[in-house]
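To start, the structure itself, in structure tokens.
Derivation of every value follows stated rules applied to the coordinates shown; laboratory data play no part. Only a predicted model underlies this, so the values are computations on that prediction, with no experimental measurement involved. Reconstructed Cβ throughout: ideal geometry from the backbone, glycine too, with neighbour counts over all protein chains shown.
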Amino acid sequence: MNEHLLSKRLACVGSYVPNQARIADIGSDHAYLPVYLMLNEKISYAIAGEVVPGPYQSAKNQVQRQGLADRIDVRLANGLQAITPEDGIQVITIAGMGGSLIASILEEGRTTGKLVGVSRLVLQPNIGEEGLRSWLMAHHYQLIAEEIIEEQGKIYEIMVAQPTASPVHYTKKERLFGPFLMQQPTPVFLKKWQHEQTQKERVLANLQQAQTVPTEKLAQIQEELALIKELFV
Ligand code: SAM
């Protein structure tokens with residue numbers, strides 16, 4: 001992968017960025033996504049936020065090499081602290097992290113007013129999708145699209161959300177599988193949940209043999225297994 005040729009995963013994230021948007025890519029690492037979008041004239045301005053000095057420097061070098069330093073601002077910052085109201089950010093992309101980390105970045109940003117004026121979130125959690133959907137639901141974000149893709153043997157989900165005035169409710173089943181993804185179960189979707197079923201059955205068997213059975217965890221796994229099995233009837 002390089003600045004001209006994105007991974008399928010990041011290309012999918014980028015495909016949900018509206019034309020000429022002002023974006024903040026948080027946890028940008030090499031800044032591949034904003035650089036690619038800028039080189040393809042898809043965005044008008046970007047912030048590439050990074051909390052770790054090494055990746056921050058890689059992003060800075062990359063942006064400078066491409067001659068984009070006037071249109072992509074690389075900032076060393078924790079989460080949404082990278083953005084200010086003056087930046088006029090419309091879209092936030094966060095990819096390649098766990099869902100709980102993404103949710104905590106969004107939560108910190110929300111409580112410090114960083115999400116005001118942001119009309120779209122494009123998120124790609126590596127794990128913990130259900131928890132991230134719960135955060136979106138709790139804070140009045142509505143999912144407008146979801147994708148599930150496979151790349152080099154790994155399966156990724158991409159979710160696109162926008163703020164909404166009216167409360168949204170997603171059922172446990174929708175939070176687990178994704179309200180859009182479960183509507184049209186693709187082979188990749190089914191492959192993921194077949195694998196999850198095997199994993200959860202293994203965990204369940206171990207829990208049932210434990211001396212002190214954590215009843216809440218047991219009930220949760222049993223509920224999820226029942227929902228997964230419904231996919232295959
Ligand atoms: N977004 C790129 C992608 O999807 O390929 C890079 C993903 S990389 C696995 C995750 C990056 O997020 C790392 O470079 C890490 O330093 C950065 N990161 C983790 N927590 C962060 C935070 N709170 N604020 C900003 N960056 C963060």
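Which whole-number value in Å³ per residue fits the convex hull of the alpha carbons of region 36-104?
Details: hull volume 6.9 nm³, N = 69.
For region 36-104, the hull spanned by Cα atoms encloses 100 Å³ per residue.
Distance between Cα centroids, region 123-145 to region 199-213: provide it in whole Å. Rounded to whole Å, the Cα centres lie 28 Å apart.
With all pairs of different alpha carbon atoms counted, what Kirkwood hydrodynamic radius in Å does region 150-233 show? Radius from the Kirkwood sum: 14.8 Å. Bridging of residue 172 to aspartates and glutamates at a Cα separation below 13 Å is possible for 129, 130, 223, 224, once same-chain residues fewer than 8 apart are set aside. In straight-distance terms, cross-link reach from residue 173 covers every one of the lysines whose alpha-carbon lies under 19 Å from its own, apart from those fewer than eight places away in the same chain; here that gives 191, 192, 200, 217, 229.
Arrange 192, 42, 229 by Cβ neighbour counts within 10 Å, fewest through most, would you?
Working: 192 20, 42 17, 229 11.
The most exposed by this proxy come first: 229, 42, 192.
Within a 10 angstrom radius of the beta carbon, how do 148, 23 rank from fewest other beta carbons to most? Fewest to most other Cβ atoms nearby, the residues stand as 148, 23. In this simple spin-label model, placing a label point 7 Å from the Cα along the Cα-to-Cβ direction at both residue 119 and residue 11 gives a separation of 2.7 nm.
Calculate for the chain the 222 nm mean residue ellipticity that helices alone would give, adding -39,500 (n - 2.57) per DSSP H run of length 4 or more and normalising by residue count, nearest 500 deg cm²/dmol. Before the final figure, lay out each step's value.
Working: 8 runs with 98 residues, N = 233.
One gets -13000 deg cm²/dmol as the mean residue ellipticity at 222 nm.
When 17, 168 are arranged by Cβ crowding within 10 Å, least crowded first, meaning fewest neighbours, the order is 168, 17. Extent of the chain along its three principal axes (Cα atoms, max minus min coordinate, largest first): 59, 38, 36 Å. Its Cα centre serving as origin, the chain has a Cβ charge dipole (Lys and Arg +1, Asp and Glu -1) of approximately 120 debye. With both residues required to sit in the chain, DSSP beta bridges show an antiparallel share near 40%.
How big is region 188-231 by the Kirkwood estimate over distinct Cα pairs, in Å?
Hydrodynamic radius (Kirkwood, Cα only) of region 188-231 equals 10.8 Å.
In the frame of its principal axes, region 88-133 has Cα extents of 29, 18, 14 Å, reported largest first.
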